[in-house]
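Novice: If you scroll down you'll find the structure; I have some questions about it.
The values are calculated or read from the model by the stated rules, or taken from the named source; none is laboratory data. No experiment lies behind these values; they were computed from the predicted model shown. Quick reminder, even Gly has a Cβ in these numbers, built from the backbone with ideal geometry, and neighbours come from all protein chains shown. Each accessible area value is taken on the protein alone, full model and side chains, heavy atoms only, with ligands, DNA and RNA left out. Shrake-Rupley method; radii C 1.70, N 1.55, O 1.52, S 1.80 Å.
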Amino acid sequence: MANMASSGLAYPERFYAAASYVGFDGSVSSVKQLSSKFSNDSALLLFALHQQATLGPCSIPKPSAWNPIEQSKWKSWQGLGTMPAIEAMRLFVKILEEEDPGWYPRTSNSVPEPAVDIQISSTKAEPGVENVASFGETNTTSTKDGHLTETQDKDVVLEGPNTVSVYNQWAAPLTSGQPPKARYEHGAAVIQDKMYMYGGNHNGRYLGDLHVLDLKNWTWSRVETKVVTESHETSSPAILTHCAGHSLIPWDNKLLSVGGHTKDPSESMPVKVFDLHTCTWSILKTYGKPPVSRGGQSTTLVGKRLVIFGGQDAKKSLLNDLHVLDLDTMTWNEIDAVGSPPSPRSDHAAAVHAERYLLIFGGGSHTTCFDDLHVLGLQTMEWSRHIQQGETPTPRAGHAGVTIGENWFIVGGGDNKSGASETVVLNMSTLAWSVLTSVQGRVPLASEGLSLVVSSYNGEDVIVAFGGYNGHYNNELSVLKPSHKSSLKSKIMGTSPVPNSVSAVFNATARDIESEIEIEGKSERIITTLKSEKEELEASLSKEKIQTLQLKEELAETETRNTELYKELQSVRSQLAVEQSRCFKLEVEVSELRQKLQTMETLQKELELLHRQRAVASEQSGMNAKRQSSGGVWGWLAGTPPPKT
């Protein structure tokens, strides 16, 4: 049946609607009004894009330096170079959607919309879904009525929401409601056809909001939550802090938020519980010794057990320990597994296969990213590494993964230089890697810290990606419908060509574009020049990032050496103080000994003097005695009596 696509305005009508919404008509008063609604940078960029779209490249002379406002406007316009008008229109609308996501519903009643008939194969349209736009390079197409629309060089073309017929290609569904704030390192989980998204990081700030996306009608809404008081299942008081790098696990009709980085981390890793019925948060009461507080760990639900591996603690130390939380007894156990475990890491991906094996892929340390695959036997608790089939994916950290059957889908991540653009699949039975699809350019799917969940839509499995960081924070939603045919296993990384069915789609799209688009040679040269300049700028930016990273590493090493040298200096100072104290004591003792020695010498001299005096006295006594004895004999002889003594 024919349906009026009023919600999908083509260009340039969509651009004019956006310009009308912000009150922009090119006058000075409209520019002032624009500055009052947006930041200075956004207002200048919107002004420049509007001028580029309506007047073309900047050809006016540079304003005088006495007028800094006009000079800033001129520089913004001049910086766009020879950008095509349709590209300027698209970027104008894109920036407005980032600044004010709900602009279109508020202006749709007042902006006249062209009637464009589209065919929707389903007899009943899902509410809140407008269309699905695929990722790829955008070209301008002139339609019969003279309007400009956009087509795609790659992936799927624009389709109705219920007719996504191309498998293994990412698409961006248009959602209704207020989407969450852009973020990364958040948690996401699906319960009963609803994707819950919690926490994350934006501009270095931890978030604590909870949002839900209805996967039946693609409608966002925010969940108003509260904190429960003490109960037999929870600890008290329940202090809930904003976090990022945590794990969000569906459990019965509840959500478990495990670990995560916080502003004021606790000593042990908390487990928060959200009850979907009462919309309340609480802290799960557990027993045993919990793991140390951390973020960036992997948390895998295996039956009724949570298996936690690795992460980074509050002191930024990387971990490779293994812990298990029994959800029946709420008891923690630290597992001392045998074999060679993965090196300490965080921001890796983990999956369980056949309830018997835990797989760990990738992750990063402070200086490098990994591409290794480790397997833990859950029955023997033994680590092992096996030969991987196909070409191993590039090293990455911050990626996300989901499993469907025996296939493990890995999306996103990066290596501190660029984002991973390939969506890869690991057959967990054969350990064979495959490339499912890839995206072009710096898109949200090639981001770090994105979330990935699997659900069902119209009876088929779909993979939903949200958010991430690739130089800027994203809040975009992407959907992929994987094929279950054998072609999924055939496209081994770097060894097989593109499947014929996909090539046929690409060739047909190229023929249609060639038949409908008349591109002038000058435009082609401009596009080629812009692409080459873009590649050069990206290469220069990559070099600058590498140099910045190297300088940061050198600075960290220098600070570490300075810290060690300072510690050594403090130790030497302490030893010197001890030695000085000992020397002072020795000097006091020496002084006392000297005084004693002088006293002894004086006593010795006095003793010698006494000895001499005594000797003299003895000699005198002897002489006197002799005289007395001699005088007495002669006196006796003379008749004189001896004197009386």
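Novice: Before I look further, what does the range 308-363 give for accessible area per residue, probe 1.4 Å, in whole square angstrom? List each step's numbers first, then the result.
Specialist: Working: 2330 Å² over 56 residues.
With the other protein chains kept in place, the range 308-363 gives 42 Å² per residue.
Novice: Here's another thing I want to ask about it. Given labels modelled 7 Å from the Cα in the Cβ direction, how far is it in nm from K567 to L174?
Specialist: 6.0 nm
Novice: Follow-up. Between beta-carbons, use under 14 Å as the cut-off and find the net charge around I335, counting Lys and Arg +1, Asp and Glu -1.
Specialist: On the way: positive: K289, R305; negative: D321, D326, E334, D336, E382.
It works out to a net charge of -3.
Novice: Something else about it: Grab the Cα-Cα distance for S20 and T392, subtract it from 0.36 nm times how many residues apart they are, and report the gain in nm with one decimal.
Specialist: 128.9 nm
Novice: Sorting check: for 218-227, 562-571, which peptide has the highest mean count of neighbouring beta carbons within 10 Å, and how do the rest follow?
Specialist: Sorting 218-227, 562-571 by mean packing, highest first, produces 218-227, 562-571.
Novice: Tally up the carbon and sulfur contribution to the accessible surface of the range 333-460 as a whole percent, 1.4 Å probe, everything protein left in place.
Specialist: 44 percent
Novice: When you count, for each residue, the other Cβ atoms within 10 Å and take the mean per peptide, how do 435-446, 271-282 rank with the highest first?
Specialist: Numbers: 435-446: 20.2, 271-282: 18.1.
Peptide ranking by packing, descending: 435-446, 271-282.
Novice: Peptides 604-616, 331-343: what's the order by average Cβ count within 10 Å, highest mean first?
Specialist: 331-343, 604-616
Novice: Of all accessible surface on the range 558-629 at a 1.4 Å probe, what whole percent is carbon and sulfur? Present the calculation step by step, with values, prior to reporting the outcome.
Specialist: Numbers: 3920 of 6900 Å².
Ligands and nucleic acids excluded, carbon and sulfur reach 57 percent.
Novice: Classify the range 545-627 as rounded, prolate or oblate from the Cα gyration tensor: take a ≥ b ≥ c as the square roots of its eigenvalues, call it rounded if a/c is under 1.5, otherwise prolate when a/b beats b/c and oblate if not. All intermediate terms of the calculation are to be shown ahead of the outcome.
Specialist: Details: a/c = 17.73, a/b = 11.95, b/c = 1.48.
Taking the square roots of the gyration eigenvalues as a ≥ b ≥ c, the range 545-627 is prolate.
Novice: Set the Förster distance to 22 Å, then compute FRET efficiency between I526 and T54 from the Cβ-Cβ distance, nearest 0.05. All intermediate terms of the calculation are to be shown ahead of the outcome.
Specialist: Values: r = 18 Å, r/R0 = 0.84.
So, using R0 = 22 Å, E works out to roughly 0.75.
Novice: Ignoring solvent entirely, what values of log10 I(q)/I(0) come out of the Debye formula for the range 172-310 at 0.13 Å⁻¹ when each Cα is a single scatterer?
Specialist: For the range 172-310, the Cα-only Debye profile gives -0.55.
Novice: Go ahead and run the numbers for FRET between D336 and E587, Cβ-Cβ distance against an R0 of 51 Å, rounding to 0.05.
Specialist: 0.30
Novice: Something else about it: Just the accessible area per residue of the range 374-481, please: how many Å² with a 1.4 Å probe? List each step's numbers first, then the result.
Specialist: Details: 3790 Å² over 108 residues.
Spelled out: the 1.4 Å probe surface of the range 374-481, per residue, equals 35 Å².
Novice: Next up: Expressed as a whole percentage, what fraction of the accessible surface of the range 265-311 belongs to carbon and sulfur atoms when a 1.4 Å probe is rolled over the protein heavy atoms?
Specialist: Numbers: 1010 of 1810 Å².
That share works out to 56 percent.
Novice: Full extension from Y357 to K181: what is 0.36 nm times the residue separation minus their Cα-Cα distance, to one decimal in nm?
Specialist: Roughly 59.7 nm would be gained on extension.
Novice: 7 Å from Cα along Cα→Cβ at both E619 and D100: what's the point-to-point distance in nm?
Specialist: In this crude label model, E619 to D100 measures out at 13.0 nm.
Novice: Just the number, please: Stokes-Einstein D of the range 356-402 in µm²/s, Kirkwood Rh from C-alpha pairs, 4 °C, 1.567 mPa s.
Specialist: Details: Rh = 11.8 Å.
My calculation gives 110 µm²/s for D.
Novice: Still on this structure, I have one more. What does the charge count around D313 come to, taking other residues whose C-beta lies under 13 Å from its C-beta (Lys +1, Arg +1, Asp -1, Glu -1)?
Specialist: Here the count lands on +2.
Novice: State whether the range 42-101 is rounded, prolate or oblate according to the following rule on the C-alpha gyration tensor (a ≥ b ≥ c being the square roots of its eigenvalues): a/c under 1.5 gives rounded; otherwise a/b larger than b/c gives prolate, and the remaining case gives oblate.
Specialist: Oblate, because a/c is 1.5 or more while a/b does not exceed b/c.
Novice: Subtract the Cα-Cα distance of K216 and D372 from 0.36 nm times their separation in residues, and report this length gain in nm to one decimal. Working shown, then result.
Specialist: Numbers: separation 156, 0.36 × 156 = 56.16 nm, distance 3.72 nm.
Stretched out fully, the K216 to D372 stretch lengthens by 52.4 nm.
Novice: Students often get this wrong, so check it: of K75/K531; K216/K272; K226/K481; K316/K567; K181/K216, which have C-alpha atoms separated by over 25 Å? Don't jump to the answer; show the numbers that get you there.
Specialist: On the way: K75/K531 21 Å; K216/K272 27 Å; K226/K481 36 Å; K316/K567 21 Å; K181/K216 22 Å.
Flagged as over cut-off: K216/K272; K226/K481.
Novice: Starting from the Cα of N416, move 7 Å in the Cα-to-Cβ direction to define the label point; list residues of the range 385-409 whose amide nitrogen is under 20 Å from there.
Specialist: Hits in the range 385-409 for N416 at 20 Å: 393-400.
Novice: Could you tally the net charge around F38, taking each other residue with its Cβ under 9 Å from the Cβ of F38, Lys/Arg +1 and Asp/Glu -1?
Specialist: Surrounding charge for F38 is -2.
Novice: Taking the Cα centre of each part, how many Å lie between the range 543-612 and the range 266-286?
Specialist: The range 543-612 and the range 266-286 have Cα centres separated by 56 Å.
Novice: Can you figure out the FRET efficiency of K316 with K534, using R₀ = 35 Å and their beta-carbon distance, to the nearest 0.05?
Specialist: 0.50
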